1. Look through the stretch 36-73, keep the residues that are touching a Leu at 6+ places or on another chain (Cβ under 8 Å) and assigned to a loop (DSSP other than H, G, I, E, B), and return whichever of them is farthest from Tyr278 (Cα to Cα).
2. Name the single residue, out of those in the stretch 51-72 being within 12 Å of the ligand (Cβ to nearest atom) and surrounded by 17 or more Cβ atoms within 10 Å (Cβ to Cβ), that is farthest from Thr94 (Cα to Cα).
3. Please work out if His75 is touching a residue at least 60 places away in the same chain (Cβ under 8 Å) and either within 16 Å of the ligand (Cβ to nearest atom) or not aromatic (Phe, Trp, Tyr) (or both).
4. Residues that are modelled with pLDDT under 95 and under 19 Å from the mean Cα position of the chain (by Cα), at least 3 per element: which strands (runs of 3 or more DSSP E) completely within the stretch 91-191 meet that?
5. Could you list, ordered by first residue, the pairs with Cβ atoms under 9 Å in which the first is in the stretch 5-22 and farther than 15 Å from Val93 by Cα and in a loop (DSSP other than H, G, I, E, B) and the second is open to solvent by 80 Å² or more (accessible area, probe 1.4 Å) and of a type in the set (A, V, I, L, M, F, W, C), at least 6 apart or interchain?
6. Out of the residues in the stretch 192-205 that are open to solvent by 30 Å² or more (accessible area, probe 1.4 Å) and part of a loop (DSSP other than H, G, I, E, B), which is farthest from the ligand (Cβ to nearest atom)?
7. Hey, could you check the stretch 1-46 for residues that are of a type in the set (A, V, I, L, M) and either within 16 Å of the ligand (Cβ to nearest atom) or crowded, with 21+ Cβ neighbours inside 10 Å (or both) and say which is farthest from Asn64 (Cα to Cα)?
8. For the stretch 246-266, state whether one or more residues are in contact with an Asp or Glu (Cβ under 7 Å, 6 or more places away or on another chain) and among the hydrophobic types (A, V, I, L, M, F, W, C).
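The values are calculated or read from the model by the stated rules, or taken from the named source; none is laboratory data. Remember, predicted model here, so these are calculated numbers, not experimental data. Cβ atoms come from the backbone with ideal geometry, glycine included; neighbour counts cover every protein chain shown. Areas reflect the complete protein model, heavy atoms only, side chains present, ligands, DNA and RNA absent. Shrake-Rupley method; radii C 1.70, N 1.55, O 1.52, S 1.80 Å.
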Amino acid sequence: MTRIVYVNGDYMPEGDAKISIFDRGFLMADGVYEVTTVIDGKLIDFEGHFTRLERSLGELDIANPMDRDAWLEVHRQLVGQNAVDQGMIYLQVTRGAPGDRDFVFPDPDTTAPTVVLFTQSNPALVDSPKAKKGIKVVTIDDLRWGRRDIKTVQLLYPSMGKMMAIKQGADDAWMVQDGAITEGTSNNAYIIKDGKIVTRALSNDILHGITRAAVLRFAREAQMQVEERNFTVEEAKSADEAFVTSASTFVMPVVSIDGTELGTGTPGPLATRLREIYIEESRKAAI
Ligand code: PDD
C-alpha cells in the first residue's frame with residue numbers, strides 16, 4: 001500500500017510529495033515538529049501536542065497555518081487513509097520557502113509556512129520487546145542550543161548522541177549539563193530511588209514532554225512520590241530504577257547507565273507499572 005502524505009493542503013502518494021530546495025526547514029532547520037502516537041487507530045494526547053505546537057510556533061514567530069480542528073482533521077484523514085492501527089503521525093511546520101537563501105526571516109505575508117505530515121506504522125508499539133528487556137543508556141555532554149523547550153527540527157546533535165550510544169553497545173544517550181542529566185536524545189529522563197520518582201524540572205533546558213506531563217499526573221494519582229529537580233550522573237547510577245518517556249516509547253525502562261546496572265539489571269517494578277498505567281489511561285482518553 002502506498003503511503004498517503006499531506007503537503008501544504010493536499011493529500012498525495014509519498015512519491016509525489018515535493019518541497020522547495022529554498023525551504024528554510026531544509027536550509028536552516030527553521031521549523032518545528034510534533035510526533036503524536038496512534039493506538040487502536042486513535043490519537044494519544046492530541047490536545048497536548050497541538051498546544052505545544054502552538055507554543056513552539058509562537059516562540060519562533062511563525063504563524064500557525066491551521067486551527068485545532070483543521071489539524072485534527074488532517075491527523076484523522078492520514079490515520080484513516082493509511083489504515084494506521086499502531087504507530088505515529090509526524091508533523092512539521094517550517095517558515096516556508098522564500099525563493100532565496102537569506103538569514104533574515106521572509107515576510108510572512110508573501111512566504112507561507114510549509115506544512116508536512118506523514119504516518120509511520122509500528123505494530124509493536126504497545127507490546128514492545130524493548131520495554132520487556134529495558135534499554136541501556138550512556139551519558140554524553142549536552143551540546144545543544146539553549147532553547148530545548150522549543151520542539152525544533154535541529155536534531156543533528158541528538159542524532160549524533162544516539163550513534164555514540166550505539167557505538168558503545170547501548171541504546172540511547174542521556175545528556176549531561178553541569179554534572180546533571182538534562183534528558184535523553186529524544187525522551188525525558190527519570191530515576192527512582194527509595195520509591196521516589198525524580199526528574200528534572202521544566203525550563204528551557206529540556207523539552208516539555210507531553211508524555212512526561214501525563215506520566216507525572218498518573219504517578220501522583222497512584223500515590224507515587226514525584227520530585228522535579230536536577231539529578232547527577234552519580235545519583236542516577238545508584239538509583240533503584242530508571243526510565244524514559246516519549247510519545248513513541250511511552251514509559252521505557254532503563255536498566256543500565258554507562259555500563260552500571262541498576263537494581264537487578266531488568267525493568268523495575270515501578271517503571272513497569274507506570275508503563276501499564278500510561279498505556280491503559282491513554283487508550284481510554286484517545287480520540
Ligand atoms: N521526541 N525530549 C526530547 C529531546 C524529545 O525529542 C522528546 C520527543 C521528548 C519527549 O516528548 P513527548 O513526550 O512529548 O514525546 C523529550 C519525539 C518523540 C521524537 O523526536 O521522535
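1. Ala63
2. Once the filter is applied, the top-ranked residue is Arg52.
3. On the way: touching a residue at least 60 places away in the same chain (Cβ under 8 Å): no; either within 16 Å of the ligand (Cβ to nearest atom) or not aromatic (Phe, Trp, Tyr) (or both): yes.
Here the answer is no, as His75 does not meet what is asked.
4. Details: elements: 114-121, 135-141, 172-177, 180-184.
Hits in the stretch 91-191: none.
5. From the stretch 5-22, no pairs qualify.
6. In the first step, residues of the stretch 192-205 are kept if they are open to solvent by 30 Å² or more (accessible area, probe 1.4 Å); the result is 193-196, 201-205.
When the remaining residues are screened for being part of a loop (DSSP other than H, G, I, E, B), the result is 194-195, 201-205.
On the way: Asp194: 25, Gly195: 23, Ala201: 14, Leu202: 11, Ser203: 13, Asn204: 12, Asp205: 10 Å.
By that ranking, first place goes to Asp194.
7. Taking the stretch 1-46 and keeping what is of a type in the set (A, V, I, L, M), we get 1, 4-5, 7, 12, 17, 19, 21, 27-29, 32, 35, 38-39, 43-44.
When the remaining residues are screened for being either within 16 Å of the ligand (Cβ to nearest atom) or crowded, with 21+ Cβ neighbours inside 10 Å (or both), the result is 5, 29, 32, 35, 38-39, 43-44.
On the way: Val5: 19, Ala29: 17, Val32: 11, Val35: 17, Val38: 23, Ile39: 26, Leu43: 20, Ile44: 21 Å.
Step by step, filter the stretch 1-46, then rank; the result is Ile39.
8. Yes: one or more hits.
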